[in-house]
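The block underneath contains the structure these notes are about, expressed in structure tokens.
The values are calculated or read from the model by the stated rules, or taken from the named source; none is laboratory data. Just so it is clear, the structure is predicted and the values come from calculations on it, not from any experiment. Cβ sites come from the backbone with ideal geometry, for glycine too, and all protein chains shown count toward neighbours.
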Amino acid sequence: MPDAWPSLDLCDWNATYDTLHMWTQIVGKTRLALAPAENHWWHACLYATPRGLTTSAIPNAEEPAFYAYAYPEPSGYSDHRVRPERAFCSRELRQFVLPYEVVRRAKSPDETLLAFCQSTYDVAADLGYWDRTALDRPAGVEMTRRRAAIPNGQRSDTPNAIDGRRLGL
């Protein structure tokens, strides 16, 4: 008789597990920062639905956006300008914000988002005196891709940059 339930060996879907773990941390920390505190941390919960994980409405998050921050925040971090021009520093959130619509409507969305990520990284790295030689990738070196296992047996290309172990998550 064939197995009624599929095998769920962690080694077969570890990359997916790591990615899901990282993204749930991002969503949870965003909700934790924006929602009013409730007892037992109920304001930071993720809920399982037939379509996946969700949160209830997140206050002050009416508009999707990309964000970047440095912790501990180097002195003068929030005073710097970053690219693109429509990116700004939210004093309330203590992070740089780039509205999703700015990226979506840009002539080159990929370049617009990359400019935001690179410029916020540059500010944090320079003001925080990070070892740029050890951390920065040489110009022109492309990120390698690896195959990430998905539990149902399908495969997906996943950039190494979202491997939670590599990020220390």
Picking from Trp42, Trp13, which residue would you name as being loosely packed, with under 15 Cβ neighbours inside 10 Å and either modelled with pLDDT of 85 or more or not charged (D, E, K, R) (or both)? Trp42
Please list, ordered by first then second residue, the pairs with beta carbon atoms under 7 Å, 6 or more apart or interchain, first in the stretch 13-32 and among the basic types (Lys, Arg), second part of a helix (DSSP H, G or I) and buried (at least 16 other Cβ atoms within 10 Å of the Cβ). Arg31/His43; Arg31/Ala44
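Every residue, every condition in (1) in contact with a Pro (Cβ under 7 Å, 6 or more places away or on another chain); (2) more than 24 Å from Met22 (Cα to Cα); (3) among the β-branched types (Val, Ile, Thr); (4) at pLDDT 95 or above, yes or no:
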{"site": "Ala57", "(1), (2), (3), (4)": "no, no, no, no"}
{"site": "Glu62", "(1), (2), (3), (4)": "no, no, no, no"}
{"site": "Tyr71", "(1), (2), (3), (4)": "no, no, no, no"}
{"site": "Pro84", "(1), (2), (3), (4)": "no, yes, no, yes"}
{"site": "Ser90", "(1), (2), (3), (4)": "no, no, no, no"}
{"site": "Pro99", "(1), (2), (3), (4)": "no, no, no, no"}
{"site": "Ala106", "(1), (2), (3), (4)": "no, yes, no, yes"}
{"site": "Ala115", "(1), (2), (3), (4)": "yes, no, no, yes"}
Working only within the stretch 54-68, note down all residues that are free of Cβ contacts under 8 Å to residues at least 40 places away in the same chain and within 30 Å of Ser119 (Cβ to Cβ). Thr55, Ile58, Pro59, Asn60, Ala61, Glu62, Glu63, Pro64, Ala65, Tyr67
Let me confirm something: among Tyr77, Tyr71, Tyr100, which residue is of a type in the set (Ser, Thr, Tyr) and over 24 Å from Leu127 (Cβ atoms)? Tyr100
Residues of the stretch 33-53 classified as assigned to a helix (DSSP H, G or I) and touching a residue at least 12 places away in the same chain (Cβ under 8 Å), total: 4
Within the stretch 47-64, does at least one residue satisfy the condition of being surrounded by 13 or more Cβ atoms within 10 Å (Cβ to Cβ), of a type in the set (Gly, Ala, Ser) and under 16 Å from the mean Cα position of the chain (by Cα)? yes
